[in-house]
Amino acid sequence: MKKTINFIFVTLFFLLHSSFAHSIIKNSVIISVGNLPITQLDLVKEMRLISILTNNKIDNSNKEQIKAIAVQSLIKRKVKEIEVNKFNIHEYNKRDLENLISNAYQNIGTDENGLKNIMRKNNLNFNDLKKKFEVDLKWNTLIFQLYKNRIVLNMSEVEEKINSTIENIQEKRRYLLSEIEIEQKKEDGKIILDEIYKSISDEGFEKTAKKFSISDSSEYGGNIGWIEEKNLSGKIFQSIKDLKTDAVSKPIYLENTIVIIKKVGEKVFEKDIEKIKNRIVVQEKNKKLQMFSKSHFSNLEKIIQVNFL
């Protein structure tokens, strides 16, 4: 099959060159996969779709490479379609389709509407993309149905991966913090700090922040939200890690400013052992299914006839 694919590239180049140049495409059948046709229009659309999804504009330097990828992609999809239709597969995971579409537009730095607009400008329908993904998802459904009872895991290896993962995952700690930031002045620094701490005691941290703080957070009473432990500077972390909830830190001397922190709340995200186990088991099962998928497809390649017309 691969030799034949290489053989037709020169022919396809001449067939498609004028079509790309003038955007006029004669929709003749150029390849048959089993009883399913691939037309010249299919090939052009596939090349355009690959160009969009890889953010790689088609030009003379890459046209043949993209064409080769497009031919193989179309043939592979038709092989899958034949098998999916044979087993009358219609169901697939709708959330997986949403994820594939989401990944597609995020990978090229846009949103769904942006991707639709790009496709429209390239004379493509958004349903072309959905159908492309749907074939793969239906194929996944088929492979699962055919091989789910043949998935056997080496549980000693799985347990080893679980234990290794658990050891390497650190507990995550987040702090809900408020701040008061003032300029660092030697001459009256202690007087101002005494005044601030008295104001905190008498009026509360929020009012004091609005009154004294030079930080943008003063507008919100010093509130800076939830901060992960790893995102805190060493000085600030050491000053607040042992504080009780609603306690206020001692002055933290930074380069040009002094900061006072109030710990408003604290969350500890512990290791979810069961979630880790389930995730690794699913990953290992998916690896087995991928192996069955490749083997099943390889067998189909041998028996489904591909003709280049």
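Take the Cβ atoms of K161 and K294, set R0 to 22 Å, and the FRET efficiency comes out at 0.50.
With springs connecting C-alpha atoms under 10 Å apart, model the chain as a Gaussian network and identify which of I224, I101, I166 has the largest mean-square fluctuation. Result: I224 has the largest fluctuation of those listed. Under conditions of 25 °C and 0.890 mPa s, the chain yields 97 µm² s⁻¹ as its translational diffusion coefficient, taking Rh as the Kirkwood radius over Cα pairs in the Stokes-Einstein equation.
Near I224, the amide H atoms lying under 5 Å from its own belong to L177, S178, E179; only residues 5 or more places off or on other chains count, and H is placed 1.01 Å from N.
Taking amide hydrogens as placed 1.01 Å from N in the peptide plane, the amide H of E266 sits under 5 Å from those of L176, each at least 5 positions away in sequence or on another chain. Each residue of the range 287-299 was assigned a 3J(HN,Hα) from its phi angle through the Karplus curve 6.51 cos²θ - 1.76 cosθ + 1.60 (θ = phi - 60°); the sequence is 4, 5, 5, 5, 5, 5, 4, 5, 5, 5, 5, 4, 5 Hz, with glycine and proline shown as x.
Any idea what angle helix 94-107 forms with the longest principal axis of the chain, computed on alpha-carbon atoms, 0 to 90 degrees, nearest 10? Roughly 80 degrees between the two axes. Annotation: the residues W139, W226, sorted from fewest to most other C-beta atoms within 10 Å of their own C-beta, follow the order W226, W139. In terms of other Cβ atoms within 10 Å, S215, S293 run from fewest to most in the order S215, S293. Once backbone amide H atoms are built at 1.01 Å from N, I30 has I38, T39, Q40 as its partners under 5 Å, excluding neighbours fewer than 5 places away on the same chain. Each residue of the range 143-158 was assigned a 3J(HN,Hα) from its phi angle through the Karplus expression (A = 6.51, B = -1.76, C = 1.60, θ = phi - 60°), giving 4, 5, 5, 6, 10, 4, 7, 10, 7, 10, 9, 7, 5, 5, 5, 4 Hz with x at Gly and Pro.
A short reminder: the numbers here are calculations on the coordinates, not readings from a lab. This is a predicted model, so every value here is computed, not measured. Glycine gets a Cβ as well: all are built from the backbone with ideal geometry, and neighbour counts include every protein chain shown.
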